[in-house]
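Okay, so here's the structure we're looking at.
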Amino acid sequence: MQAVDYAALRARLEADGQVRARGVDAESIEGLVVDDTETALTGEWEHSMSITPSVGGSYRHHGDTRGGKEARYEALVPSPGEYEVRLLYQRFLTAPSTRRCASPRLSV
């Protein structure tokens with residue numbers, strides 16, 4: 001088995017244009033962005049990078065367990081007013097699952 005310097009390998013692959021983007025950089029999105037790395041999570045969640053699109057190149061998912069989970073995204077707005085709120089989540093319409101949230105609750 002070879003010892004691989006993954007940081008050097010990634011740098012070389014990026015320089016050669018061989019690395020596929022894993023998601024949208026949160027800094028490139030206009031407005032306030034709250035990503036899963038800034039979320040208050042209740043219960044056990046798994047970290048993944050398998051499915052795109054995603055913000056920041058990764059996301060959280062419930063794994064193989066049900067219930068007792070909550071992801072709370074909170075943003076501090078600079079001033080009172082009207083804001084557009086967007087939520088990116090995976091929902092598989094072709095293969096519905098009873099374990100997925102078909103309609104997430106949004107409180108403003």
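Key figures for this structure:
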item: Binned Cα-Cα distances of the range 5-69, short to long, each 10 Å bin given as a whole percent; result: 18, 36, 32, 12, 1
item: Footprinting exposure proxy for 61, 47 (fewest neighbouring C-beta atoms within 10 Å first); result: 47, 61
item: Residues 76, 13 arranged by fewest to most Cβ contacts within 10 Å; result: 76, 13
item: Sorted by Cβ neighbour density within 10 Å, fewest at the top, the residues 28, 54, 48, 79; result: 79, 28, 48, 54
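Since every read-out is calculated from the coordinates, none of them should be taken as a lab result. Because the structure is a prediction, the values reported are computed rather than measured. All Cβ positions, even for glycine, are placed from backbone atoms using ideal geometry, and neighbour counts span all protein chains on display.
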